[in-house]
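Okay, so here's the structure we're looking at.
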């Protein structure tokens, strides 16, 4: 989605958030809102990165812990933790991030394809890397990060 | 508007597109209506032309004699209707310039159209309000201010009423669909020379609007099928020692999170050998498969596409399209269709439909720190049992519940929660059933009974094990709804 937006405008607005010591970005057009932590209801028998569901103004919204999704070490939630609600074509999902830092405009041509080695994160989740002044922003490929969770157990009736 | 006028002057027999489509503004610039009336063509035309949106009216008188036979099944239906009613029959063709407005105006006096999404938003926002109401209530009870208390109490009452209205707004009785069936059955019976009595039970059963819209056509198919293939001719029936008049029962009722619509006839039933033979001929099943099929599975073969056991093709049915469409429509709605048939005694077509949105009664229970909801419809009763009463039968914990052995399921184990409290002396158990099988669900404690609004977990979490949905509680918390059907094997 980030790519399509970038073709139209020379600059794109992104929301910058933090996970561990790295900064990540998603296009502002997919972000519905940023919420403070509210109580999450655990959903049993789902992958561990799915923290559960919340009541987002009357809509039951699943919550994904991005740290766990990327296999990073788990950190207890604190006051700076935020839930970024992103809206993809078929569903809305909340992403737990360490902190939501910024909304900035980045020039489209500053986004480069990801370098070969990006560290621990599986590279399929990343659509590119943007260098803005001295900051390095990892652009997320949300479609990949948020592939729908199918039935996780097979012991059906 | 046009319909209103026409209905005043006579009986509308048929319209093309259908009345529903017209009401949904689902037509181009022209629609056709067949009307039985005593009025003159010119006066009728003048009346219809008074509707400002109508551009042109063409009236063609049709009589029972002049109508060409066998044009299409529906045409010939009109034919018989006309000959039965010796009145002048006219076909009015109106071409509204702005058809949309014409139809809107027609309904304006009674109903308005609201996009269902807007209702959803309204309800979601209202729920937020209810949560704040709860907060206000607790503040008021702390402050002990009589004025505040009174206001909050009033607000509680008003918002309770409001909640009911909003929740029921999307539901309409299946009556709206069932209403047109008696007439259809009468006409069909006449066409087929059969005597048929249609019984409708549970027309007041409420269904979500979205489901109502879709269910009409499949039901028409099923009824036509029952009339044509199911019910025998009066002579045949008498020969079999059945009453001359065949009975078709259309039944709708709620059960659990589903609505059942059943169509039962006391006709010939399904000839299993012939179905099987046809299925083999068409390659729907192989010989080996055929040997293992149960009676019910054989009966359900008639739902597969391109299948027809009717020896001759009639106008009504037997073209081999229809039942498979019925099946796919119902499945696309998330429902199922099952057939029970006893040869010589009749068939029962059961359509099970989910409630896309429905208010259900649940029992709220505690599991660890979370609250879960168990649909009341699957609960037989709740019990508190002594741990010493739990027996072991082949690695399966069971209890003796009113004389029957009921297997126990520890929900905490199923949901992989920690701290299953084995040690406690008393255990809270919810006895649930699926069909005639039962199971006891061990929970931490009961909270109580409540009416809740079913919500889906969304497209991201597709089919979580043993969870059929979620709901939002009065305090804004999400509670998951336990799918008892998945827990009972």
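Listed values, structure above:
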{"read-out": "Verdict on residue B:385 being under 29 Å from residue B:208 (Cβ atoms) and either surrounded by 17 or more Cβ atoms within 10 Å (Cβ to Cβ) or not assigned by TED's automatic domain parsing to the domain that holds residue B:479 (or both)", "value": "no"}
{"read-out": "Selected residue (criterion: nearest to the other protein chains (Cβ to nearest Cβ)) from residues of segment A:58-68 that are under 10 Å from the mean Cα position of the chain (by Cα) and closer than 17 Å to residue B:460 by Cβ", "value": "A:64"}
{"read-out": "Subset of segment B:450-466 (residues that are within 22 Å of the chain's Cα centre (by Cα), closer than 18 Å to residue B:378 by Cβ and facing another protein chain (nearest Cβ under 7 Å))", "value": "none"}
{"read-out": "Test: residue in segment B:252-264 that is free of Cβ contacts under 8 Å to residues at least 60 places away in the same chain, surrounded by fewer than 16 Cβ atoms within 10 Å (Cβ to Cβ) and not assigned by TED's automatic domain parsing to the domain that holds residue B:15", "value": "yes"}
{"read-out": "Flag if residue B:147 is away from chain A (no Cβ under 14 Å), modelled with pLDDT of 85 or more, assigned to a helix (DSSP H, G or I) and within 34 Å of the chain's Cα centre (by Cα)", "value": "no"}
{"read-out": "Matching residues, segment A:13-24, being over 14 Å from residue A:106 (Cα atoms) and in contact with a strand residue (DSSP E or B) (Cβ under 7 Å, 6 or more places away or on another chain)", "value": "A:17, A:18, A:19, A:22"}
{"read-out": "Helices (runs of 4 or more DSSP H) enclosed by segment B:195-301 - at least 3 residues per element that are over 25 Å from residue B:185 (Cβ atoms) and out of contact with any helix residue (DSSP H, G or I) (no Cβ under 9 Å at 6 or more places or on another chain)", "value": "B:272-281, B:287-292"}
{"read-out": "Residue among A:71, A:94, A:27, A:52 that is surrounded by 15 or more Cβ atoms within 10 Å (Cβ to Cβ), on the phi > 0 side of the Ramachandran plot and either touching a strand residue (DSSP E or B) at 6+ places or on another chain (Cβ under 7 Å) or more than 14 Å from chain B (Cβ to nearest Cβ) (or both)", "value": "A:52"}
{"read-out": "Residue within segment A:31-40 that is closer than 17 Å to residue B:476 by Cβ and in contact with a helix residue (DSSP H, G or I) (Cβ under 8 Å, 6 or more places away or on another chain) present", "value": "no"}
{"read-out": "Enumeration of residues in segment B:330-339 that are crowded, with 17+ Cβ neighbours inside 10 Å and assigned to a strand (DSSP E or B)", "value": "B:337, B:339"}
{"read-out": "In segment B:467-489, residue farthest from the other protein chains (Cβ to nearest Cβ) [restricted to those that are touching a strand residue (DSSP E or B) at 6+ places or on another chain (Cβ under 6 Å), more than 22 Å from residue B:170 (Cα to Cα) and assigned to a loop (DSSP other than H, G, I, E, B)]", "value": "B:483"}
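The values are calculated or read from the model by the stated rules, or taken from the named source; none is laboratory data. Bear in mind that the values here come from a model prediction, so they are computed numbers and not experimental data. Positions of Cβ are generated from backbone atoms using ideal geometry, with glycine treated the same way; all protein chains shown enter the neighbour counts.
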